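Take a look at the structure set out below.
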Amino acid sequence: MQFIADFHIHSKYSRATSKEMNLESLDKWAKIKGIDVLGTGDFTHPAWFKELKEKLEPAEAGLYKLKGKYAKEFRKSGGDWFDSKKQTRFILTVEISQIYSKGGKVRRIHNLIFAPSLETAGEINRRLGMIGNLKSDGRPILGLDSKELAKILFDVSPDCFLVPAHAWTPWFSVFGSMSGFDSLEECFEEYAKYIYAIETGLSSDPAMNWRLSKLDNIALISNSDSHSAQKIGREANIFDAEMNYFSVLEAIKSKNPDKFLSTIEFFPEEGKYHYDGHRACGVSLKPEETKKYKNICPKCGRTLTIGVLNRIDHLADRPESGKPKRAIPFKNLIPLDEIIAEALDMGVKTKAVAAQYQKLIAALGTEFNVLLNAPIEEIKKAAPAHIAEGIRRVREGKVSISPGYDGEYGKIKIFSEKERKDLAKQKALWV
Ligand SMILES: [Zn+2]
Ligand SMILES: [Zn+2]
Ligand SMILES: [Zn+2]
């Protein structure tokens, strides 16, 4: 069975998240997006964990679904703007933020944990609760070595899974330029053999990671790390396996291309840390330029934040087009609301963009169906022709992006300036 999974999100109990990050709206947005398996995020948070226990019931092995009284079927005939009878499956996950010193340096690492059952998650919570405060943030901050976290997890259950999160972001990741390590072995020591996957993060895609031969046996997974329901699935994983916790993890661990089909990625330039730079000065630099300036901001003289492209370049042992023998393919996409906003030349959060978005989902089922599968001719029937054209260009990778740097997202352009002017003339017709 083919299905799409996004394992890393945050609940309303994490900092800087939407109040709407509750199970009901996650279930609803998973249906709109076409996500079949969604991480719960934040299971170490006592209030969120209580909600998970109250509202979820077991589905397939290691997966959960909303109990009947909380689950909702969406029907256009019943006044909803889309149809969905599917029940979202939830998988228990949490991201742990770890700050500790090792080898004389301060390390800041984010790790994503998977648990096979609420009971196992409860035991993990009990053990981690003895180490630090799990209540203050859905993504708890612990002064715990990554190796010690691995030890605790696999001691609780060998079916737990640990994945270094957004493995390349400069400030909070296993390979981060500012506070990470140069290898998984250096970080996890004897537990490195239990690390089967890393999360590529928004600022890198698999092709960039393929340049490191030491990652050849590591699966590259992709998740949204979303803080709002509308952004879930902006990166995701496509499987063709039995839908249960153990098959999903087996597909990842084995990197079997018949079971782990592909990942859905941002264009990495759109991520917040693709290039190097200094945000306060508006300085964005390619790795070669950073070298020229000796890692110092040419405007203010402070140290530049070294981005993902530079960091990968530094650790890579293959050229840019290098590829390992066994690599899971991927597709770069742009979220549908951003494509519509660009095509309409309006803000992502405007009513006009929402109206076109809803029309497309109502006509074609899910956002992933619109972005990945629906024939362009079908899209044209449900939306203005240039939105369909925008989707076609994204599918073919024909977009230009000014890369993100030092916490600033990259900016996408699907249409040229001239095309935009021509489109503006037609605007009156469809706004
Ligand atoms: Zn994180
Ligand atoms: Zn996160
Ligand atoms: Zn500066």
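The values are calculated or read from the model by the stated rules, or taken from the named source; none is laboratory data. Note that the structure is a prediction, hence the values are computed from the model and not measured. Positions of Cβ are generated from backbone atoms using ideal geometry, with glycine treated the same way; all protein chains shown enter the neighbour counts. For the accessible areas, the whole protein counts, side chains as well, though only heavy atoms, and no ligand, DNA or RNA atoms are used. Shrake-Rupley method; radii C 1.70, N 1.55, O 1.52, S 1.80 Å.
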Row for the range 300-391, column shape: gyration tensor on C-alpha, a ≥ b ≥ c, rounded if a/c < 1.5 i.e. under 1.5, prolate if a/b over b/c, else oblate; value oblate
Equivalent ellipsoid, the range 148-302 (semi-axes from 5 times Cα gyration tensor eigenvalues, Å): 31, 19, 14
In whole angstrom, how far apart do the alpha carbon centroids of the range 278-346 and the range 149-185 sit? 22 Å
Return a whole-number percent for the relative contact order of the chain, with Cα pairs under 8 Å and 6 or more residues apart as the contact set. 16 percent
Can you list the residues, at least 5 places off or on another chain, whose amide H is less than 5 Å from the amide H of Ile334, using H built in the peptide plane? none
What full-extension length gain, to one decimal in nm, is calculated for Lys85 and Arg126 as 0.36 nm per residue of separation minus the Cα-Cα distance? 11.1 nm
Spacing of the two label points (7 Å from each Cα toward its C-beta) at Asp258 and Asp216, in nm: 2.3 nm
In Å, descending, principal axis extents of the Cα set of the range 2-269: 62, 40, 32
Quick one: which residues, 5 or more positions from Gln98 or on another chain, have an amide H under 5 Å from its amide H? H modelled 1.01 Å from N in the peptide plane, none for Pro or chain starts. Ile109, His110, Asn111, Leu142
Rounded accessible area per residue of the range 2-269, 1.4 Å, Å²: 35 Å²
Report in % the part of the accessible area of the chain that belongs to carbon and sulfur, leaving out ligands and nucleic acids; probe 1.4 Å. 50 percent
Assigning unit charges at the beta carbon (Lys, Arg +1; Asp, Glu -1) and nothing else, what dipole magnitude in debye, to the nearest 20, does the chain show about its Cα centre? 1040 debye
Given all pairs of distinct Cα atoms, the range 1-136 yields a Kirkwood Rh in Å of 16.1 Å
Give me the extension gain from Asn133 to Lys50: residue separation times 0.36 nm, minus the current Cα-Cα distance, reported in nm with one decimal. 28.2 nm
If one computes the Cα centroid of the range 74-107 and of the range 364-431, what distance in Å separates the two points? 26 Å
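Could you tell me the convex hull volume per residue, in Å³, taken over the Cα atoms of the range 335-430?
103 Å³
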Please identify, among Asn133, Asn310, Asn237, the residue showing maximal mean-square fluctuation in a Gaussian network model of the chain using a 10 angstrom Cα cutoff. Asn133
Run the reach check for Lys253 against lysines, Cα to Cα strictly under 18 Å, same-chain hits fewer than 8 apart removed. What comes back? Lys193, Lys214, Lys325
For Lys413, other-chain or 5+-apart residues with amide H closer than 5 Å (H placed, Pro excluded) are Ser400, Ile401, Ser402
State whether the range 210-354 is rounded, prolate or oblate according to the following rule on the C-alpha gyration tensor (a ≥ b ≥ c being the square roots of its eigenvalues): a/c under 1.5 gives rounded; otherwise a/b larger than b/c gives prolate, and the remaining case gives oblate. oblate
Before rounding to the nearest 500, sum -39500 (n - 2.57) across all DSSP H runs of length at least 4 in the chain and divide by the residue total; then give [θ] at 222 nm in deg cm²/dmol. -9000 deg cm²/dmol
Theoretical gain in end-to-end length, Cys281 to Lys381 [0.36 nm per residue, Cα-Cα removed]: 31.5 nm
